[in-house]
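The values are calculated or read from the model by the stated rules, or taken from the named source; none is laboratory data. All figures in this text were calculated on a predicted structure; none of them were measured in a lab. We place every Cβ from the backbone using ideal geometry, glycine too, and count neighbours over all the protein chains shown. Please note that ligands, DNA and RNA were not included when accessible areas were found on the heavy atoms of the full protein model with its side chains. Shrake-Rupley method; radii C 1.70, N 1.55, O 1.52, S 1.80 Å.
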Amino acid sequence: MTQEQLNRFSVISSLIDGHITVREAALSLDLSERQVKRLKKGVMEEGPEFLIHKNTGRSPKHAIPKETKEKIIALKLSEPYKDANFKHFQELLAEHEGIILSYSCLYSILTEAGIESPKKRRRFKPHRRRKRKPQEGLLIQMDASPFEWFGTKEQFALHGAIDDATGKIVGLYLTKNECLHGYFEITWQILKKHGIPASIYADRHSIFQSPNASKLTVEEQLAGKVVKDTQFGRAMNELGITLIPARSPQAKGRVERLWETLQSRLPVEFKIAGITSIEQANEFLTQYIDKFNALFAVEAKE
(Lines give C-alpha, C1' and ligand atoms only; values in the text may rest on other atoms or scores of the structure.)
Protein backbone atom coordinates (compact mmCIF):
# COMPACT_ATOMS: atom_id res chain seq x y z
CA MET A 1 0.00 0.00 0.00
CA THR A 2 1.08 3.57 -0.60
CA GLN A 3 1.44 6.05 2.25
CA GLU A 4 -1.83 7.69 1.24
CA GLN A 5 -3.65 4.34 1.28
CA LEU A 6 -2.17 3.48 4.71
CA ASN A 7 -3.34 6.85 6.03
CA ARG A 8 -6.86 6.22 4.73
CA PHE A 9 -6.92 2.75 6.32
CA SER A 10 -5.85 4.20 9.67
CA VAL A 11 -8.60 6.85 9.62
CA ILE A 12 -11.29 4.41 8.40
CA SER A 13 -10.24 1.88 11.08
CA SER A 14 -10.66 4.57 13.74
CA LEU A 15 -14.11 5.31 12.29
CA ILE A 16 -15.10 1.61 12.35
CA ASP A 17 -13.90 1.30 15.99
CA GLY A 18 -16.04 4.33 16.95
CA HIS A 19 -13.15 6.59 17.94
CA ILE A 20 -14.11 9.33 15.42
CA THR A 21 -17.26 10.37 13.61
CA VAL A 22 -17.97 10.28 9.86
CA ARG A 23 -17.68 14.07 9.78
CA GLU A 24 -14.27 14.00 11.49
CA ALA A 25 -13.03 11.29 9.12
CA ALA A 26 -14.21 13.32 6.11
CA LEU A 27 -12.36 16.43 7.33
CA SER A 28 -9.21 14.41 8.02
CA LEU A 29 -9.17 12.80 4.56
CA ASP A 30 -10.50 15.86 2.69
CA LEU A 31 -13.39 13.76 1.33
CA SER A 32 -17.15 14.07 1.39
CA GLU A 33 -19.10 12.23 4.08
CA ARG A 34 -20.68 10.10 1.35
CA GLN A 35 -17.24 8.96 0.14
CA VAL A 36 -16.16 8.15 3.70
CA LYS A 37 -19.27 5.99 4.23
CA ARG A 38 -18.46 4.12 0.99
CA LEU A 39 -14.88 3.51 2.14
CA LYS A 40 -16.08 2.32 5.56
CA LYS A 41 -18.50 -0.17 3.99
CA GLY A 42 -15.84 -1.42 1.54
CA VAL A 43 -13.21 -1.98 4.28
CA MET A 44 -15.73 -3.77 6.51
CA GLU A 45 -16.68 -6.13 3.64
CA GLU A 46 -13.34 -6.65 1.84
CA GLY A 47 -10.69 -5.51 4.30
CA PRO A 48 -7.72 -3.19 3.56
CA GLU A 49 -7.55 -4.48 -0.04
CA PHE A 50 -10.59 -2.32 -0.83
CA LEU A 51 -8.42 0.80 -0.53
CA ILE A 52 -5.90 -0.44 -3.12
CA HIS A 53 -6.73 0.75 -6.63
CA LYS A 54 -7.37 -2.15 -9.00
CA ASN A 55 -4.83 -0.76 -11.51
CA THR A 56 -2.03 -0.42 -8.97
CA GLY A 57 1.11 -2.01 -10.42
CA ARG A 58 -0.39 -2.29 -13.88
CA SER A 59 0.62 -0.32 -16.95
CA PRO A 60 -2.18 1.93 -18.29
CA LYS A 61 -4.01 0.56 -21.33
CA HIS A 62 -2.85 3.53 -23.41
CA ALA A 63 0.77 3.43 -22.22
CA ILE A 64 3.37 3.38 -24.99
CA PRO A 65 5.27 0.06 -25.00
CA LYS A 66 8.82 0.17 -23.67
CA GLU A 67 10.14 -1.08 -27.02
CA THR A 68 8.47 1.82 -28.86
CA LYS A 69 9.93 4.36 -26.41
CA GLU A 70 13.40 2.88 -26.89
CA LYS A 71 12.98 3.00 -30.67
CA ILE A 72 11.89 6.68 -30.54
CA ILE A 73 14.91 7.60 -28.38
CA ALA A 74 17.28 5.68 -30.67
CA LEU A 75 15.83 7.39 -33.75
CA LYS A 76 16.20 10.85 -32.16
CA LEU A 77 19.87 10.15 -31.43
CA SER A 78 20.52 8.78 -34.94
CA GLU A 79 22.27 10.81 -37.63
CA PRO A 80 19.24 11.81 -39.76
CA TYR A 81 17.09 12.99 -36.84
CA LYS A 82 19.49 14.25 -34.17
CA ASP A 83 19.30 17.92 -35.26
CA ALA A 84 15.49 18.03 -35.63
CA ASN A 85 13.57 20.05 -33.07
CA PHE A 86 10.87 18.13 -31.17
CA LYS A 87 7.93 19.39 -33.27
CA HIS A 88 9.71 18.61 -36.52
CA PHE A 89 10.76 15.20 -35.17
CA GLN A 90 7.11 14.45 -34.34
CA GLU A 91 6.16 15.15 -37.98
CA LEU A 92 9.08 13.08 -39.32
CA LEU A 93 8.17 10.09 -37.12
CA ALA A 94 4.68 10.07 -38.61
CA GLU A 95 5.91 10.60 -42.18
CA HIS A 96 8.87 8.22 -42.32
CA GLU A 97 8.51 5.77 -39.41
CA GLY A 98 4.73 5.36 -39.10
CA ILE A 99 4.87 6.38 -35.41
CA ILE A 100 2.03 8.76 -34.53
CA LEU A 101 1.87 10.26 -31.05
CA SER A 102 1.04 13.58 -29.42
CA TYR A 103 3.64 16.29 -28.93
CA SER A 104 3.25 16.18 -25.12
CA CYS A 105 3.86 12.42 -25.11
CA LEU A 106 6.93 12.75 -27.35
CA TYR A 107 8.23 15.62 -25.22
CA SER A 108 7.93 13.50 -22.07
CA ILE A 109 9.73 10.52 -23.63
CA LEU A 110 12.64 12.61 -24.91
CA THR A 111 13.09 14.88 -21.87
CA GLU A 112 12.96 11.90 -19.49
CA ALA A 113 15.79 10.43 -21.58
CA GLY A 114 17.78 13.64 -21.07
CA ILE A 115 17.36 14.87 -24.65
CA GLU A 116 16.82 18.59 -25.25
CA SER A 117 15.26 20.18 -28.31
CA PRO A 118 17.82 22.06 -30.46
CA LYS A 119 15.18 24.70 -31.24
CA LYS A 120 16.27 27.90 -29.53
CA ARG A 121 13.70 30.28 -28.08
CA ARG A 122 13.89 33.76 -29.54
CA ARG A 123 14.54 36.59 -27.17
CA PHE A 124 11.64 38.94 -26.66
CA LYS A 125 11.90 41.93 -28.95
CA PRO A 126 10.10 45.14 -27.98
CA HIS A 127 8.99 46.13 -31.51
CA ARG A 128 5.42 45.41 -32.56
CA ARG A 129 4.70 43.21 -35.56
CA ARG A 130 3.18 44.91 -38.57
CA LYS A 131 -0.28 43.65 -39.50
CA ARG A 132 -0.47 41.31 -42.47
CA LYS A 133 -1.72 42.62 -45.79
CA PRO A 134 -5.39 41.70 -46.22
CA GLN A 135 -5.09 40.02 -49.64
CA GLU A 136 -2.76 37.47 -51.14
CA GLY A 137 -0.38 38.94 -53.72
CA LEU A 138 -0.42 42.53 -52.41
CA LEU A 139 3.08 42.22 -50.96
CA ILE A 140 5.83 39.63 -51.41
CA GLN A 141 8.80 39.71 -49.02
CA MET A 142 12.01 38.59 -50.74
CA ASP A 143 15.43 37.80 -49.30
CA ALA A 144 18.36 35.34 -49.33
CA SER A 145 19.98 33.47 -46.45
CA PRO A 146 23.58 32.18 -46.49
CA PHE A 147 23.72 29.05 -44.32
CA GLU A 148 25.27 25.57 -44.00
CA TRP A 149 22.21 23.94 -45.57
CA PHE A 150 23.89 20.56 -46.15
CA GLY A 151 25.25 20.26 -42.61
CA THR A 152 28.80 20.89 -43.78
CA LYS A 153 31.02 23.90 -43.12
CA GLU A 154 30.29 25.24 -46.61
CA GLN A 155 27.59 27.89 -46.90
CA PHE A 156 25.13 28.31 -49.76
CA ALA A 157 22.56 31.04 -50.38
CA LEU A 158 18.89 30.09 -50.27
CA HIS A 159 16.76 32.71 -52.07
CA GLY A 160 13.19 32.86 -50.84
CA ALA A 161 9.93 34.74 -51.21
CA ILE A 162 6.94 34.71 -48.85
CA ASP A 163 3.45 36.16 -49.27
CA ASP A 164 2.77 38.73 -46.55
CA ALA A 165 -0.97 38.02 -46.24
CA THR A 166 -0.74 34.24 -45.83
CA GLY A 167 2.84 33.41 -44.80
CA LYS A 168 2.89 31.10 -47.82
CA ILE A 169 6.26 30.39 -49.43
CA VAL A 170 5.95 31.34 -53.09
CA GLY A 171 9.54 30.71 -54.19
CA LEU A 172 12.76 28.96 -53.05
CA TYR A 173 15.99 28.55 -54.98
CA LEU A 174 19.50 27.61 -53.82
CA THR A 175 22.75 28.93 -55.33
CA LYS A 176 26.38 29.14 -54.26
CA ASN A 177 26.08 32.86 -53.45
CA GLU A 178 23.33 35.49 -53.29
CA CYS A 179 22.89 36.59 -56.88
CA LEU A 180 20.61 38.02 -59.57
CA HIS A 181 20.05 34.55 -61.04
CA GLY A 182 18.65 33.29 -57.72
CA TYR A 183 16.21 36.18 -57.45
CA PHE A 184 15.10 35.82 -61.06
CA GLU A 185 14.44 32.11 -60.43
CA ILE A 186 12.14 32.71 -57.44
CA THR A 187 10.41 35.55 -59.32
CA TRP A 188 9.76 33.11 -62.18
CA GLN A 189 8.31 30.62 -59.67
CA ILE A 190 5.95 33.33 -58.39
CA LEU A 191 4.81 34.35 -61.88
CA LYS A 192 4.36 30.76 -63.06
CA LYS A 193 2.36 29.52 -60.07
CA HIS A 194 0.70 32.60 -58.57
CA GLY A 195 0.69 35.38 -61.15
CA ILE A 196 2.05 38.92 -60.93
CA PRO A 197 2.16 40.39 -57.39
CA ALA A 198 1.41 44.05 -56.69
CA SER A 199 4.72 44.74 -54.92
CA ILE A 200 7.95 43.17 -53.70
CA TYR A 201 9.58 44.14 -50.40
CA ALA A 202 13.35 43.55 -50.38
CA ASP A 203 16.48 44.90 -48.72
CA ARG A 204 18.79 47.51 -50.24
CA HIS A 205 21.12 45.02 -51.86
CA SER A 206 22.69 46.30 -55.09
CA ILE A 207 20.65 43.68 -56.97
CA PHE A 208 17.50 45.63 -56.10
CA GLN A 209 18.77 49.18 -55.81
CA SER A 210 21.74 51.01 -57.27
CA PRO A 211 24.26 52.02 -54.58
CA ASN A 212 24.19 55.51 -56.10
CA ALA A 213 20.50 55.96 -55.23
CA SER A 214 21.26 57.08 -51.66
CA LYS A 215 24.01 59.45 -52.84
CA LEU A 216 21.76 61.91 -54.67
CA THR A 217 21.56 65.27 -52.94
CA VAL A 218 18.27 67.13 -52.53
CA GLU A 219 19.43 69.65 -55.16
CA GLU A 220 20.16 66.87 -57.66
CA GLN A 221 16.75 65.31 -57.05
CA LEU A 222 15.03 68.69 -57.50
CA ALA A 223 16.96 69.17 -60.71
CA GLY A 224 15.42 65.93 -62.02
CA LYS A 225 18.51 63.77 -61.80
CA VAL A 226 17.71 60.08 -61.36
CA VAL A 227 19.70 56.90 -60.91
CA LYS A 228 19.20 54.13 -63.42
CA ASP A 229 17.34 51.03 -62.26
CA THR A 230 19.22 47.80 -61.71
CA GLN A 231 18.56 44.91 -64.08
CA PHE A 232 16.14 43.40 -61.55
CA GLY A 233 14.47 46.79 -61.04
CA ARG A 234 13.94 47.24 -64.80
CA ALA A 235 12.36 43.79 -65.03
CA MET A 236 9.96 44.62 -62.21
CA ASN A 237 9.03 47.91 -63.87
CA GLU A 238 8.17 46.09 -67.09
CA LEU A 239 5.93 43.72 -65.12
CA GLY A 240 4.28 46.59 -63.26
CA ILE A 241 5.56 45.38 -59.87
CA THR A 242 6.43 48.05 -57.29
CA LEU A 243 9.82 47.38 -55.71
CA ILE A 244 9.89 48.64 -52.09
CA PRO A 245 13.27 48.90 -50.31
CA ALA A 246 13.24 47.90 -46.62
CA ARG A 247 15.16 50.03 -44.15
CA SER A 248 15.94 47.28 -41.61
CA PRO A 249 15.74 43.48 -41.17
CA GLN A 250 12.82 44.00 -38.76
CA ALA A 251 10.83 45.68 -41.53
CA LYS A 252 10.72 42.38 -43.44
CA GLY A 253 10.18 40.31 -40.32
CA ARG A 254 8.12 37.53 -41.91
CA VAL A 255 10.86 36.45 -44.28
CA GLU A 256 13.44 36.79 -41.46
CA ARG A 257 11.35 34.44 -39.29
CA LEU A 258 11.01 32.11 -42.27
CA TRP A 259 14.80 31.70 -42.30
CA GLU A 260 14.78 30.67 -38.63
CA THR A 261 12.27 27.92 -39.37
CA LEU A 262 13.97 26.71 -42.55
CA GLN A 263 17.45 26.72 -40.97
CA SER A 264 16.06 24.42 -38.28
CA ARG A 265 14.19 22.08 -40.64
CA LEU A 266 15.76 21.96 -44.11
CA PRO A 267 19.19 20.52 -43.14
CA VAL A 268 17.35 17.63 -41.45
CA GLU A 269 15.06 17.15 -44.48
CA PHE A 270 18.08 17.19 -46.83
CA LYS A 271 19.90 14.62 -44.68
CA ILE A 272 16.92 12.23 -44.62
CA ALA A 273 16.46 12.57 -48.40
CA GLY A 274 20.20 12.09 -49.04
CA ILE A 275 20.55 15.49 -50.72
CA THR A 276 24.10 16.84 -50.98
CA SER A 277 24.12 19.09 -54.06
CA ILE A 278 22.49 22.31 -55.22
CA GLU A 279 20.79 20.57 -58.15
CA GLN A 280 19.23 17.91 -55.91
CA ALA A 281 18.19 20.56 -53.40
CA ASN A 282 16.38 22.72 -55.97
CA GLU A 283 14.47 19.73 -57.29
CA PHE A 284 13.49 18.79 -53.72
CA LEU A 285 12.42 22.35 -52.85
CA THR A 286 9.75 22.45 -55.57
CA GLN A 287 7.89 19.71 -53.64
CA TYR A 288 8.85 20.89 -50.15
CA ILE A 289 7.17 24.27 -50.61
CA ASP A 290 3.71 22.63 -50.67
CA LYS A 291 4.55 20.53 -47.60
CA PHE A 292 5.73 23.61 -45.70
CA ASN A 293 2.71 25.70 -46.67
CA ALA A 294 0.31 22.97 -45.55
CA LEU A 295 1.84 23.24 -42.07
CA PHE A 296 2.38 26.97 -41.66
CA ALA A 297 0.36 29.07 -44.14
CA VAL A 298 -2.80 30.88 -42.97
CA GLU A 299 -5.88 32.14 -44.77
CA ALA A 300 -5.78 35.70 -46.08
CA LYS A 301 -8.13 38.13 -44.32
CA GLU A 302 -9.86 38.91 -47.63
* Asked: Taking the highest mean first, how do the peptides 175-184, 197-206 order by number of other beta carbon atoms within 10 angstrom per residue?
  -> 197-206, 175-184
* Evaluated over the chain, the Cα radius of gyration and Dmax, each in Å -> 30.9, 107
* So what's the gap between the Cα centers of the range 137-155 and the range 267-295, to the nearest angstrom? -> 13
* To do: Sort 154-160, 36-42, 108-114 for me by packing, meaning the mean count of neighbouring Cβ atoms within 10 Å per residue, highest on top.
  => 154-160, 36-42, 108-114
* Asked: Roughly how big is the chain's charge dipole about its Cα centre, with Cβ charges of +1 (Lys, Arg) and -1 (Asp, Glu), in debye to the nearest 20?
  -> 880
* Which pairs, out of Lys82/Lys131; Lys87/Lys153; Lys69/Lys168; Lys176/Lys291; Lys133/Lys291; Lys153/Lys228, put more than 32 Å between their alpha-carbon atoms? -> Lys82/Lys131; Lys69/Lys168; Lys153/Lys228
* Asked: For the range 140-296, taking Cα atoms only, what is the radius of gyration to one decimal and the Dmax to the nearest whole Å?
  -> 16.8, 59
* Structure fact -> accessible surface per residue for the chain, probe 1.4 Å, DNA/RNA/ligands not counted, whole Å² -> 62
* Structure fact -> Residue-ordered couplings for the range 167-184, obtained by feeding phi - 60° into the Karplus form 6.51 cos²θ - 1.76 cosθ + 1.60 and rounding to whole Hz (Gly and Pro as x), are x, 7, 5, 10, x, 9, 7, 9, 9, 5, 9, 5, 7, 4, 4, x, 6, 5
* **DSSP bridge orientation in the chain - percent antiparallel, rounded to nearest 5** => 70
* To do: Just need the relative contact order of the chain here, percent rounded to a whole number, with Cα pairs under 8 Å and 6+ apart.
  => 16
* **Helix-only mean residue ellipticity at 222 nm for the chain, each DSSP H run of n ≥ 4 adding -39500 (n - 2.57), per residue, nearest 500** => -14000 deg cm²/dmol
* **Carbon and sulfur %, accessible surface of the chain computed with the full protein complex present, 1.4 Å** => 51
* Using alpha-carbon positions, what is the distance between the centroids of the range 168-183 and the range 1-49, in Å? -> 72
* Structure fact -> Semi-axes (Å, rounded, descending) of the ellipsoid equivalent to the range 3-51 per its C-alpha gyration tensor are 14, 11, 10
